[in-house]
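One structure below.
The values are calculated or read from the model by the stated rules, or taken from the named source; none is laboratory data. All values reported here derive from a predicted model rather than from experimental measurement. Cβ atoms come from the backbone with ideal geometry, glycine included; neighbour counts cover every protein chain shown.
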Amino acid sequence: MKTLLQAADPFSRREFAMSVAKTCLGVSVLGRGLNAVGAPFDDASKAKQVPTARNVIYLYMSGGMTHLDTFGCVPGADTMGETKTIPTSADGVQIGHMLPKTARTMHRATVFNGISSTQGAHAQGNYFMHTGYSPRGATRHPTMGAWLQKFQGKGNPALPGSVLISGDSRHPGAGFFEADFQPLAINNAATGLANSKMLPGLAEDDFNYRVNLSSRLDAAFRSTYNQSTVRAYADVYSQAIKVMKSEDLVAFDLSKESQSAHDAYGSNDFGQGCLLARRLIEHGVRFVEVTLGGWDMHQDIYSRLPEKLGILDNTLGALIADLESRGLLNDTMVVLTTEFGRTPNINQNAGRDHYPKAFSSVIWGGGIKGGYVHGKTDKGIAVTEQGIGVPDLSATIGYALGLPLDQVLFSPNRRPFTVADKGKPVLEAFA
């Protein structure tokens, strides 16, 4: 085989490589020599490095977290509303006064205060932040967890490549990748992985017989319709059975955690979701997303913020400290982000409205620089220094993971895409 391939002309070898990639990945890989086709992504970032992060815990604040009351504070500004600022463990870095536990972790964090988005509606902004692409017709783009699994495989072959905790049906998931790259969705962290055990009274031999019988009944159909979507459907069942029989299924069992751990993270869904995320990372799941909703505060923001920020602050403080004490923070990025910020001016209903023009995100660990603030705004109104777009934040995460930001893959409809569109990683944010 090797001799035949070496004897082939360069174009034949290229065709062979692309054919293998298409078979293995389910999408086509853009050939380096096809300049005419590659033109749309000629300006994609070519920055590469040895990965500084292996895992990601992605904390998504659904609804548009207010930046001026959290991490985008501007001390003394008239846009701050009722929020005061407090010092943190990082010299010169101040955040909102309702985040005292988080303040103790900021020496391990980079704050991105100059983010702008092109999307000002929830669904579109959510999609843009998760994929780095604005919605485009029928194309559904992959999220970072899917890209990570696509290029680097699973961390634990017996467990899912990525997990989504307390997510919703709007999550882009695997996008145009095969079903095997779809994140496993868990609605309630406390109950773990539902339907993961055999029915009471069903012996393993009987279970295996039923699985094999189903496979034989489907064999003719799979042979007749030997397509990637059909194969992916069968692969999902095979993967589910592998997970059911794996000893690592214990990763989903929060009853194995001490009461003190439950108390530290908080008994709410978000706290327990983050505790589960830590367990999953320990067992080799490389990308875990946990959602905290309820940030769409058009009315009475200061009567609602204390409860929401109390949940976030308590859990963030516990998660960062827990990861650090276990030696996991060095190779695990904790990303806190949202679809857009909220208006600097308080509206007539004592709330803040949608504001994609300037907002904040934060990253802890995974090689990121500690105690660093990238970007500046004029009282939270407009970005004045070091502005970045949503694809740049995606590229920064991909860069930390060692993903090839300029590698182009074709979707099934033959459209080319990269990990973060044309986003550029923020290199200044790395230690």
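Looking at segment 338-396, what strands (runs of 3 or more DSSP E) fall wholly within it and have at least 2 residues that are within 30 Å of GLY327 (Cα to Cα)? So the answer is 359-364, 372-374. The lone criterion from (1) farther than 21 Å from GLU339 by Cβ; (2) without any contact (Cβ under 8 Å) to a residue 60 or more places away in the chain left unmet by ALA382 is number (1). Among residues of segment 379-431 being more than 27 Å from VAL288 (Cβ to Cβ) and of a type in the set (A, V, I, L, M), the one that is nearest to the chain's Cα centre (by Cα) is VAL408. Taking the listed residues THR291, THR343, THR337, THR377, the one that is crowded, with 23+ Cβ neighbours inside 10 Å and either at pLDDT 95 or above or in the same structural domain as GLU257 (by TED's automatic domain parsing) (or both) is THR377, with no other qualifying.
Return the residues of segment 134-159 that are part of a loop (DSSP other than H, G, I, E, B) and more than 14 Å from the chain's Cα centre (by Cα); say none if nothing qualifies.
Our first condition is that a residue be part of a loop (DSSP other than H, G, I, E, B); within segment 134-159, this holds for 134-135, 137-138, 140-143, 153-159.
The answer is SER134, PRO135, GLY137, ALA138, ARG140, GLY153, LYS154, GLY155, ASN156, PRO157, ALA158, LEU159.
Residues of segment 47-85 that are polar (S, T, N, Q), farther than 20 Å from TRP295 by Cβ and not in a strand (DSSP E or B): GLN49, THR52.
Would a scan of segment 86-97 turn up a residue that is assigned by TED's automatic domain parsing to the domain that holds GLY173, touching a His at 6+ places or on another chain (Cβ under 7 Å), in contact (Cβ under 8 Å) with a residue 24 or more places away in the chain and assigned to a strand (DSSP E or B)?
No, segment 86-97 contains no residue that is assigned by TED's automatic domain parsing to the domain that holds GLY173, touching a His at 6+ places or on another chain (Cβ under 7 Å), in contact (Cβ under 8 Å) with a residue 24 or more places away in the chain and assigned to a strand (DSSP E or B).
If the condition is being more than 23 Å from GLY132 (Cα to Cα) and touching a Pro at 6+ places or on another chain (Cβ under 8 Å), then segment 353-379 contributes only LYS379.
Within segment 304-320, can one find any residue that is among the polar types (S, T, N, Q), part of a helix (DSSP H, G or I) and under 24 Å from PRO183 (Cα atoms)? Even if it seems obvious, please write down each step before you answer.
Of the residues in segment 304-320, the ones among the polar types (S, T, N, Q) are 314-315.
Right, trim to part of a helix (DSSP H, G or I) and you get 314-315.
Those still in the list that are under 24 Å from PRO183 (Cα atoms) too: 315.
Within segment 304-320, one or more residues are among the polar types (S, T, N, Q), part of a helix (DSSP H, G or I) and under 24 Å from PRO183 (Cα atoms).
Residue count for segment 55-73 under the criterion of being within 21 Å of GLY273 (Cβ to Cβ) and either more than 20 Å from the chain's Cα centre (by Cα) or free of Cβ contacts under 8 Å to residues at least 40 places away in the same chain (or both): the result is 1. Consider segment 160-175 and keep the residues that are in contact with a Leu (Cβ under 7 Å, 6 or more places away or on another chain) and either assigned to a loop (DSSP other than H, G, I, E, B) or among the charged types (D, E, K, R) (or both). The one that is farthest from ASN126 (Cα to Cα) is PRO160.
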